[in-house]
Amino acid sequence: MSARTGAPGFRRLAILGSTGSIGTSTLDVVLAHPGRLDVVALAGGRNRMTLKAQCERFRPSLVSVAEEGDARWLAAELSYGPDIHWGPEGLKACALHPDADTVMAAVVGAAGLESTEAALRAGRRVCVANKESLVVGGALMKAAEAAGGGELLPVDSEHAALHQLLDGRDPMTLREVRITASGGPFRDWPLERIQRATREEALNHPTWKMGPKITIDSATLMNKGLEVIEAAVLFGLTADQIKVTVHAQSQVHAMAGFLDGTYQLQVCANDMKLPIQYALLYPDKCPGPVAPYDWDQARTWTFEAPDLARFPCLGLAFDALRAGGTAPAILNAANEEAVAAFLDGRIGFWDIQACNAEALQRLTAMPVVCLLDLWDADRRGRDQARGWLASRGPSGVP
């Protein structure tokens, strides 16, 4: 039975960032649940051919693209006539589609902030895969959730794992949570070698195949630091309640430790379709497109503490969380500029943490009242980082 016919328990989806990895995996989950999930809006970017194929397959009534020229092209190419929008207003239109009760927020970068907040204020379930929405604008997102009666569910595998471990638990029984990190390509490298790491070495992740920016963030452990900030926002935790454990096998995604000294662990296959399905269909658990975990396969799990001397970006994220206000936005902005400079060959690997540390040290964190405060913090963080980067030579030397 199609979800459009009104089957019990179905959800109508608006997918923001439909042509990216999370968006395409979300559509795989939709195909696995034809009686439970239906697509009413898709927002892609500049990947015209992929978006066109998605539109023809799922027939959303509203589509958004990057620019007006993309909209004209898509309108001429499609075999049917959906409403087509573009730019930031197009993202917001998809998030607020009158038939959508669930929004997959998977737009990369700060561009997803406004549409995510709008969806929460409109009372939608928002499945958030956009780190910036929570790292940069966490307080605003939670305020929007409370004001509109919306629902914020995480899609990151670590946070989806924590949600499953903590759902229904009395928070007074919780001692700490732990999110796991693969350790990246430099997990076993000495500090001196990490400091001299090349672009090619940093992009050679041992476990995951990801885009270049997130791969570099994994190499510095900044990605895990951003996830620490996300966990604090999502679950109302303090910095002291959140720990990071290096787990190279990436099988255990999170742990919850309770006052009685016991721990519970969440384990599943390394497939993003699992946390996506969890967020879309919560609180229901049902078979989907991923096979159950195979406990009969022989394996070894290892766990160790991260070394903040070798991975200072993780410590900087904890510093930003403790500072609060606009500090996470400043750190995120500076890091984006520093990573881009490293990928372009303008600075060395170790300069990434130096640029980030300088931004946090020099810029004062301010309270966050509205989105304008976040845009200002983002601008200040980028300006500080660009100034620092401009002071470096072609090889990252002052």
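The values are calculated or read from the model by the stated rules, or taken from the named source; none is laboratory data. All values reported here derive from a predicted model rather than from experimental measurement. Here Cβ is always computed from backbone atoms with ideal geometry, including for glycine, and neighbour counts include all displayed protein chains.
Residue count for region 7-30 under the criterion of being among the charged types (D, E, K, R) and not in a strand (DSSP E or B): the result is 1. Restricting Ala75, Ala93 to residues that are in contact with a Pro (Cβ under 9 Å, 6 or more places away or on another chain) and among the small types (Gly, Ala, Ser) narrows the list to Ala75.
Here Val65, Val107 are screened, and the one residue that is in contact with a Leu (Cβ under 8 Å, 6 or more places away or on another chain) and modelled with pLDDT under 95 is Val107. State which residue pairs qualify: first residue under 17 Å from Ala14 (Cβ atoms) and inside region 48-70, second residue of a type in the set (D, E, K, R) and modelled with pLDDT of 95 or more in any location, beta carbons under 6 Å apart, and separation of 6 or more residues or different chains. Sorted first by the residue in region 48-70, then by its partner, the pairs are Leu62/Asp83.
Residues are listed down the side, and each one gets a yes or a no for (1) among the aliphatic types (A, V, I, L, M); (2) surrounded by fewer than 18 Cβ atoms within 10 Å (Cβ to Cβ); (3) within 24 Å of the chain's Cα centre (by Cα):
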{"position": "Gly288", "(1), (2), (3)": "no, no, yes"}
{"position": "Arg346", "(1), (2), (3)": "no, yes, no"}
{"position": "Leu363", "(1), (2), (3)": "yes, no, no"}
{"position": "Ala390", "(1), (2), (3)": "yes, yes, no"}
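Consider region 155-173 and keep the residues that are out of contact with any strand residue (DSSP E or B) (no Cβ under 6 Å at 6 or more places or on another chain), touching a residue at least 24 places away in the same chain (Cβ under 8 Å) and outside any helix (DSSP H, G or I). The one that is surrounded by the fewest Cβ atoms within 10 Å (Cβ to Cβ) is Asp167. When Ala385, Ala334 are checked against the criterion of being crowded, with 20+ Cβ neighbours inside 10 Å, in contact with an Asp or Glu (Cβ under 6 Å, 6 or more places away or on another chain) and at pLDDT 95 or above, a single residue qualifies: Ala385.
Among the conditions (1) crowded, with 16+ Cβ neighbours inside 10 Å; (2) of a type in the set (Val, Ile, Thr); (3) at pLDDT below 95, Val40 misses just one, which is (3). Considering only residues in region 194-249 that are of a type in the set (D, E, K, R) and assigned to a loop (DSSP other than H, G, I, E, B), the one that is farthest from Leu174 (Cα to Cα) turns out to be Arg196. Among residues of region 21-38 that are among the basic types (Lys, Arg), those with a Cβ under 7 angstrom from a residue that is outside any helix (DSSP H, G or I), sequence gap 6+ or separate chain, pair up as Arg36/Gly9; Arg36/Phe10; Arg36/Arg11. The single condition from (1) at pLDDT below 95; (2) in a strand (DSSP E or B) that Gln266 fails is (1). Listed conditions (1) crowded, with 20+ Cβ neighbours inside 10 Å; (2) touching a residue at least 60 places away in the same chain (Cβ under 8 Å); (3) touching a helix residue (DSSP H, G or I) at 6+ places or on another chain (Cβ under 9 Å) are all met by Arg11, apart from (1). Can you tell which of Ala105, Ala75 is in contact with a helix residue (DSSP H, G or I) (Cβ under 8 Å, 6 or more places away or on another chain) and not assigned by TED's automatic domain parsing to the domain that holds Pro328? Unique residue meeting the criteria: Ala105.
Residues in region 159-177 that are modelled with pLDDT under 95 and touching a helix residue (DSSP H, G or I) at 6+ places or on another chain (Cβ under 9 Å): Pro171 only.
Looking at (1) buried (at least 21 other Cβ atoms within 10 Å of the Cβ); (2) of a type outside the set (A, V, I, L, M, F, W, C); (3) in contact with a helix residue (DSSP H, G or I) (Cβ under 6 Å, 6 or more places away or on another chain); (4) closer than 28 Å to Val290 by Cβ, which is the one condition that is false for Gly23? Gly23 satisfies every listed condition except (3).
Within this structure, Phe235 passes the test of being under 30 Å from Gln164 (Cβ atoms), aromatic (Phe, Trp, Tyr) and crowded, with 16+ Cβ neighbours inside 10 Å.
When region 49-88 is examined, which residues are found to be on the phi > 0 side of the Ramachandran plot and either among the hydroxyl-bearing types (Ser, Thr, Tyr) or within 24 Å of the chain's Cα centre (by Cα) (or both)? Of everything in region 49-88, just one residue is on the phi > 0 side of the Ramachandran plot and either among the hydroxyl-bearing types (Ser, Thr, Tyr) or within 24 Å of the chain's Cα centre (by Cα) (or both), namely Gly87. Could you please let me know if Ala354 is farther than 22 Å from Arg193 by Cβ, surrounded by 14 or more Cβ atoms within 10 Å (Cβ to Cβ) and out of contact with any Gly (no Cβ under 6 Å at 6 or more places or on another chain)? In short, no. Where strands (runs of 3 or more DSSP E) sit wholly within region 37-138, those with at least 1 residues that are under 15 Å from Thr26 (Cα atoms) occupy 37-43, 102-105, 125-128.
Of the helices (runs of 4 or more DSSP H) lying entirely inside region 285-398, the ones with 3 or more residues being touching a helix residue (DSSP H, G or I) at 6+ places or on another chain (Cβ under 7 Å) and without any contact (Cβ under 8 Å) to a residue 40 or more places away in the chain are found at 350-362. Inside region 271-285, can you point out the residues that are within 16 Å of the chain's Cα centre (by Cα) and surrounded by fewer than 17 Cβ atoms within 10 Å (Cβ to Cβ)? Selection gives Asp271 alone.
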